Amino acid sequence: MNKIICLLILLAVFMTAKADHITGGEMYYSYAGFVNGKHNYNVTLKFFMRCNSGRQFNNPTIISVFDKASSERVMDISATLTSQETISVTNTNPCISEPPIVCYDVGFYNFTVSVAPSTKGYVISSQVNFRVSGITNLAGNQIGASYIGEIPGTDPMSTGPVNASAHFVGSDLVIVCANNSFSYSFAASDADGDELRYTFCDAYTSSTGNGGPNASPPGPPPYSSVPYGNGYSGTAPLGNQVEIDPLTGLITGIAPPEGKYVITVCVSEVRGGQVIATQRKDLQINVADCQIASASLLPQYSLCRQSMTITLTNLSTSPLINTTNWEIRNAGNAIIYSTATPILTYTFTDTGSYAVRLAINRGGQCTDSTESIIRVYPGFLPSFDFAGVCILNATQFTDRTTSVFGTVNLWAWDFGEPTTQSDTSFRRNPQYNFPAAGNYLVRLTVGNSKGCIDTALRTISIVDKPPIQLAFKDTLICIPDRVTLGASGIGNFSWSPAATLVNAGTPSPTASPVVTTTYYVDLEESGCRNRDSVKVRVVDHVSLTAMNDTTVCTSDQFRMQIESDGLRYAWTPAIQCDDPTLVDPIVTTGSLTTYRVRANIGSCQALADVVVRTVPYPVANAGLDTTICFNTNAFLHGKTDGQNWSWSPALNVSNALLLDASAKPARTTAFVLTAFDVRGCPKPGRDTVLVTVLPDIVPFAGNDTTVVVSQPLQFKATGGVKYSWSPAINLSNTGIANPVGIFRSPAAALQYRVLVYNEAGCVDSAFVKVKVFNTKASVFVPNAFTPNNDRNNDVLKPILAGISRLEYFHVYNRWGKLVFSSANEGIGWNGTDGGKELSTGTFVWILKATDYNGGSIINKGTVVLIR
């Protein structure tokens, strides 16, 4: 058992080692003559592999030939590895920051294919089980690859089989830096002189193959596209900032982010205006995290639509670029504009072809320059029409491109059929047979003799039944009316039964049935047929039943209700209806009203009346808004002509069922009086009274204080807007917040009361005590205190006599450390330091105060803390 497990593990490792080394491939051939009734071709299969991968090319590998029309297998060929070479970028450009390694091992398999003459030709196929792993523009891993070549048949060109395929000749040693401009040539040569047209196309996955040294024969076509992901597709394998020139195969643009990407380019061989074969090159390229200091522009720029203004920037964004110089030259090579700014913006005053030159780092390192062409020929507008969308017939496409300057001389059609690469044409007005019904995105790329190239896109719907749009599917008429039926679509119309129709062969016949009839419309377009129907219901009168007369509350809205088969309605009086043409309008009335409705079906009509009696709402009057003092009662006084009533919220009302009630809300409250009656209006009348509750008064007369004889004392009351002091003795004014008191004789304790009023006259009171000493202004400090929380002599604080303000009160321990400080006469020391209780001992205090005459008093002494 252990031996079996080990064998399986070794097999899995071997399979994995063979799975992800092939990075691309292509196939090409030359014609070797017609011998013994067969066409002969010398074919080369070319595989690309990562350098230093530690893997080997399959030797041999299996190539299969299939009949293109039937997909039947014609032959399998075991081809040996003919030769192998290594290609790489050998010189490192110092103007590329962090250049990547570009290196491929390339394997060549040469073999001969001999096939009988065929109408549609053949497909040569080779497959590998897996591509390299971690490809950025694909979804998933372990994705196979198919590399194919096409041998043309005699359709559409009788000379098609005598063919040497297009052969890609562009260099594969290209460094591509992420988010930098680049160009990559997929140019091909053709020994027969056929025209070549290039497009991006779907890469193919594999159908069979085990990845081992002796690969299995490929499965038959058609082959499936690889699963593109992350916003990429076969027609945009590097994103929407990269494009391929359809005439040269040059890929240009701004590279996508760092990663591995699959690119497949299809080159169509065009002979006599017909595509005879399409060859493919499938390659995985590495986009590296590097920067190229270069002067980089697209091969050409076109102002061929409307604008005469161009804006250009260097496509290279390397930090090694320090200076930029631009020149624009006309056809006579004269400089018409130059600038040293990073961005060139210029508006041309005339049409023509202009040269633009970009130079970077003149006289410095990484100097570079490039030129491009700007074609200024506005008025080139690509467009096309099509006719015939029936699946049974070819669709005719007609070029409608307009060119103000030059003549249109290039047409490249892509009919959007995803299952084939043969859905192309290079004729001006081609036809194409779509294989199935559905939506297809058709692309026309056109060019003119001035070098303008542009693209038009249209989505067309190919159908097995021509679509019919009906004006209506069901309608109602009244004898003897007629009705016009309506249909739209492309093709020939016929309606039935024709006995009650006029113009039954048109899209819009007139029908005059005397009984309910279903009419059928048939539409024929190029052999495709479709049918739909319209039902015309027939009556000899209008059915109309109105709702019963009713009673509503005055000025209430309500909805009318009727039962009718009418098609149009008119209500009166219309001014009281939200929409008098509705079957059930909303009406509003303040008095007795008779509403009349007229229902029509064509020329037939019926009338009905609805009488609406109005009853006024019960009157409710909750009284005037009021304001009350905090924690006092408000008195509610309601009035009504109703039969019963209530106040809400009831929680704070003495009796919610009484019109005259008292309420004691804790906060401002809106009380609602609701009244009902029995006169016909079921809805209550309501009114609201707002009871505003003023906030509670917080009176303050000031802290108890001491004063000396004949020194003025400033009283300070707060909490209201009006004040009244008593007794009036010794006070300068009893009706203000801050009277001054002068005392002529000593007193042990004088108590003053102040009444504090708010803006509504609510009142509360506070008290203050004054001790009068027959001495000079002084500050007294006890010589001992006992902070034991018995509420007796727990705190040491100064006693002020005749003092206006305490400046500070400091307490120090025997080592001079400050253990307490305050400037508030009401705050004293509790015998702690930083929250820690101090032990029994002697402490030093010092204070400073200001008397009522502005004089300073500084005292110091000792105090004993007793525990």
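Read through the list (1) outside any loop (DSSP other than H, G, I, E, B); (2) open to solvent by 40 Å² or more (accessible area, probe 1.4 Å), then give the number of the only condition that residue 305 fails.
(1)
Each row is one residue, and each column tells you yes or no for (1) over 19 Å from residue 389 (Cα atoms); (2) surrounded by 14 or more Cβ atoms within 10 Å (Cβ to Cβ); (3) not β-branched (Val, Ile, Thr).
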{"position": "463", "(1), (2), (3)": "no, yes, no"}
{"position": "471", "(1), (2), (3)": "yes, no, yes"}
{"position": "489", "(1), (2), (3)": "no, yes, yes"}
{"position": "493", "(1), (2), (3)": "no, yes, yes"}
{"position": "502", "(1), (2), (3)": "yes, no, no"}
{"position": "515", "(1), (2), (3)": "yes, no, no"}
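Of all the strands (runs of 3 or more DSSP E) wholly in segment 798-867, which have at least 2 residues that are among the polar types (S, T, N, Q) and surrounded by fewer than 17 Cβ atoms within 10 Å (Cβ to Cβ)?
On the way: elements: 799-801, 803-812, 818-822, 841-851, 856-865.
Result: 841-851, 856-865.
Please give the number of the condition residue 430 fails out of (1) crowded, with 19+ Cβ neighbours inside 10 Å; (2) farther than 19 Å from residue 277 by Cα.
Just one mismatch for residue 430, condition (2).
Being aliphatic (A, V, I, L, M) and over 28 Å from residue 128 (Cα atoms) is the filter here; which residues of segment 141-186 pass it? Before the answer, list the steps.
From segment 141-186, those aliphatic (A, V, I, L, M) are 143, 145, 148, 151, 157, 162, 164, 166, 169, 173-176, 178; that's our starting set.
Passing the criteria: 157, 162, 178.
Please work out which one of (1) β-branched (Val, Ile, Thr); (2) more than 20 Å from residue 708 (Cβ to Cβ); (3) in contact with an Asp or Glu (Cβ under 8 Å, 6 or more places away or on another chain) is the condition residue 827 fails and give its number.
Residue 827 satisfies every listed condition except (3).
I need the full set of residues from segment 418-463 which are aliphatic (A, V, I, L, M) and closer than 28 Å to residue 300 by Cα, in order please. First the steps, then the outcome.
Taking segment 418-463 and keeping what is aliphatic (A, V, I, L, M), we get 436-437, 441-442, 444, 446, 453, 456-457, 460, 462-463.
Once the filter is applied, which keeps residues that are aliphatic (A, V, I, L, M) and closer than 28 Å to residue 300 by Cα, segment 418-463 yields 441, 442, 444, 446, 453, 456, 457.
If the Cβ limit is 9 Å and pairs must be 6+ apart or interchain, which residue in segment 595-610 that is of a type in the set (Asp, Glu) pairs with which residue that is open to solvent by 20 Å² or more (accessible area, probe 1.4 Å)?
Pairs found: 609/546; 609/549; 609/594; 609/596.
Determine whether segment 663-672 contains at least one residue that is surrounded by 13 or more Cβ atoms within 10 Å (Cβ to Cβ), under 24 Å from residue 550 (Cβ atoms) and touching a residue at least 40 places away in the same chain (Cβ under 8 Å).
No: segment 663-672 contains no residue that is surrounded by 13 or more Cβ atoms within 10 Å (Cβ to Cβ), under 24 Å from residue 550 (Cβ atoms) and touching a residue at least 40 places away in the same chain (Cβ under 8 Å).
With 345, 367 as the choices, which residue is at pLDDT below 95 and more than 29 Å from residue 199 (Cα to Cα)?
Values: 345 fails: at pLDDT below 95.
From the options 345, 367, the qualifying one is 367.
Select, from 542, 538, the only residue that is among the β-branched types (Val, Ile, Thr) and either over 30 Å from residue 518 (Cβ atoms) or in a loop (DSSP other than H, G, I, E, B) (or both).
Details: 538 fails: either over 30 Å from residue 518 (Cβ atoms) or in a loop (DSSP other than H, G, I, E, B) (or both).
The conditions single out 542.
Across segment 634-659, which residue is farthest from residue 675 (Cα to Cα) among those that are exposed (fewer than 15 other Cβ atoms within 10 Å of the Cβ) and over 54 Å from the mean Cα position of the chain (by Cα)?
Only one residue tops the list, namely 635.
Among the residues of segment 340-349, is there at least one that is within 35 Å of the chain's Cα centre (by Cα) and either in a loop (DSSP other than H, G, I, E, B) or touching a residue at least 40 places away in the same chain (Cβ under 8 Å) (or both)?
There is at least one residue in segment 340-349 that is within 35 Å of the chain's Cα centre (by Cα) and either in a loop (DSSP other than H, G, I, E, B) or touching a residue at least 40 places away in the same chain (Cβ under 8 Å) (or both).
Please verify whether residue 552 is open to solvent by less than 50 Å² (accessible area, probe 1.4 Å) and of a type in the set (A, V, I, L, M, F, W, C), treating the condition exactly as stated. Explain how you work it out, then say what you get.
Details: open to solvent by less than 50 Å² (accessible area, probe 1.4 Å): yes; of a type in the set (A, V, I, L, M, F, W, C): yes.
Yes: the conditions hold for residue 552.
Look at segment 517-535 and say how many of its residues are surrounded by 15 or more Cβ atoms within 10 Å (Cβ to Cβ) and not in a strand (DSSP E or B).
Total satisfying the criteria: 1.
Consider segment 100-159. How many of its residues are part of a loop (DSSP other than H, G, I, E, B) and either within 19 Å of residue 73 (Cα to Cα) or β-branched (Val, Ile, Thr) (or both)?
From segment 100-159, those part of a loop (DSSP other than H, G, I, E, B) are 100-102, 116-120, 129-137, 139-144, 153-159; that's our starting set.
The next check asks that each one be either within 19 Å of residue 73 (Cα to Cα) or β-branched (Val, Ile, Thr) (or both); those that pass are 101-102, 116-120, 132, 135-136, 143, 153-154, 159.
Number satisfying all stated conditions: 14.
Can you tell me which residue is modelled with the highest pLDDT among those in segment 312-339 that are assigned to a loop (DSSP other than H, G, I, E, B), open to solvent by less than 50 Å² (accessible area, probe 1.4 Å) and polar (S, T, N, Q)? Even if it seems obvious, please write down each step before you answer.
First pass over segment 312-339, keeping only residues assigned to a loop (DSSP other than H, G, I, E, B): 314-323, 330-334.
Right, trim to open to solvent by less than 50 Å² (accessible area, probe 1.4 Å) and you get 314-316, 318, 321, 334.
Add one more test, that the residue is polar (S, T, N, Q), and what stays is 314, 316, 318.
Numbers: 314: 91, 316: 86, 318: 85.
Ranking the qualifying residues of segment 312-339, first place goes to 314.
Taking interchain pairs and intrachain pairs at least six residues apart, which have beta carbon atoms under 6 angstrom, with the first residue in segment 700-725 and farther than 15 Å from residue 766 by Cα and the second part of a strand (DSSP E or B) and open to solvent by 60 Å² or more (accessible area, probe 1.4 Å)?
706/771; 708/773; 712/742
Residue check: is residue 352 at positive phi and exposed (fewer than 14 other Cβ atoms within 10 Å of the Cβ)? Working first, answer last.
Working: at positive phi: yes; exposed (fewer than 14 other Cβ atoms within 10 Å of the Cβ): yes.
So residue 352 passes the test.
Just to be sure I understand the filter: pairs with C-beta atoms under 8 Å, separated by 6 or more residues or on different chains, first member in segment 226-237 and on the phi > 0 side of the Ramachandran plot, second member hydrophobic (A, V, I, L, M, F, W, C) and part of a loop (DSSP other than H, G, I, E, B). Which pairs pass?
230/139
Restricting segment 774-791 to residues that are open to solvent by 100 Å² or more (accessible area, probe 1.4 Å) and not basic (Lys, Arg), which is nearest to residue 842 (Cα to Cα)?
To start, the set of residues in segment 774-791 that are open to solvent by 100 Å² or more (accessible area, probe 1.4 Å) comprises 774, 776, 783, 789, 791.
After this cut, where a residue has to be not basic (Lys, Arg) as well, the list is 774, 783, 789.
Details: 774: 31, 783: 10, 789: 19 Å.
Selected residue: 783.
The values are calculated or read from the model by the stated rules, or taken from the named source; none is laboratory data. These numbers come from a predicted model, not from an experiment. Neighbour counts run over all protein chains shown; Cβ positions are idealised from the backbone, glycine included. These area figures cover heavy atoms from the full protein model, side chains too; ligands, DNA and RNA do not enter into them. Shrake-Rupley method; radii C 1.70, N 1.55, O 1.52, S 1.80 Å.
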